[in-house]
């Protein structure tokens with residue numbers, strides 16, 4: 001006698017898989033966004049500032065643009081590259097850099113985060 005699954009058994013398995021998926025997907029999606037925010041925060045608070053500080057020690061001031069960290073802008077004393085490459089934020093956009101800074105720091109460094117709009121509460125910045 002040949003054994004096989006009945007239609008009821010197959011439907012039950014499909015329903016269980018659907019329930020498990022509906023419970024797990026939102027949790028995983030939330031973790032992904034949190035991980036992206038943490039990666040951007042690490043870039044803004046540690047990775048890029050370390051390169052900016054090395055540049056400042058060699059040149060005596062911060063660069064006008066982040067590209068000066070990887071390519072000599074024609075300044076004596078440049079001992080870079082200070083970064084291997086300019087990384088984008090986890091959402092695929094360039095980090096916003098402004099020198100001189102407008103928020104009480106030497107420079108402003110930020111990511112517009114998920115929504116891509118500058119100047120809202122979702123932004124990740126070096127001044128807050």
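The values are calculated or read from the model by the stated rules, or taken from the named source; none is laboratory data. Keep in mind that what you see is a predicted model, and the values were worked out from it rather than measured. Ideal geometry is used to build each Cβ from the backbone, glycine not excepted, and the neighbour counts take in all protein chains shown.
Of the residues making up the stretch 88-97, those that are loosely packed, with under 14 Cβ neighbours inside 10 Å and at negative phi are 88, 93, 94. Looking at the stretch 43-83 only, could you name the residues that are closer than 26 Å to residue 123 by Cβ and in a loop (DSSP other than H, G, I, E, B)? Listed by number, the residues that qualify are 61, 62, 63, 64, 65, 70, 82, 83. Is it the case that some residue within the stretch 12-35 is surrounded by 15 or more Cβ atoms within 10 Å (Cβ to Cβ) and either at pLDDT 90 or above or not in a strand (DSSP E or B) (or both)? Within the stretch 12-35 (the criterion being surrounded by 15 or more Cβ atoms within 10 Å (Cβ to Cβ) and either at pLDDT 90 or above or not in a strand (DSSP E or B) (or both)), the answer is no, since none of the residues qualifies. Within the stretch 40-50, is there a residue that is more than 20 Å from the chain's Cα centre (by Cα), at negative phi and surrounded by fewer than 16 Cβ atoms within 10 Å (Cβ to Cβ)? Within the stretch 40-50, not a single residue is more than 20 Å from the chain's Cα centre (by Cα), at negative phi and surrounded by fewer than 16 Cβ atoms within 10 Å (Cβ to Cβ). The residue of the stretch 98-128 that is surrounded by the most Cβ atoms within 10 Å (Cβ to Cβ), among those that are touching a helix residue (DSSP H, G or I) at 6+ places or on another chain (Cβ under 8 Å) and under 14 Å from residue 37 (Cβ atoms), is 111. Taking the conditions (1) more than 27 Å from residue 31 (Cα to Cα); (2) touching a strand residue (DSSP E or B) at 6+ places or on another chain (Cβ under 9 Å); (3) modelled with pLDDT of 95 or more in turn, residue 101 satisfies each one other than (3).
(1) in contact with a helix residue (DSSP H, G or I) (Cβ under 9 Å, 6 or more places away or on another chain); (2) exposed (fewer than 14 other Cβ atoms within 10 Å of the Cβ): which one isn't true of residue 84, the others all being true? Just one mismatch for residue 84, condition (1).
Cβ-Cβ contacts under 6 Å between residues 6 or more apart (or on different chains), taken from a first residue in the stretch 66-87 that is touching a residue at least 24 places away in the same chain (Cβ under 8 Å) to a second residue that is in a loop (DSSP other than H, G, I, E, B), are listed as 66/86; 83/70.
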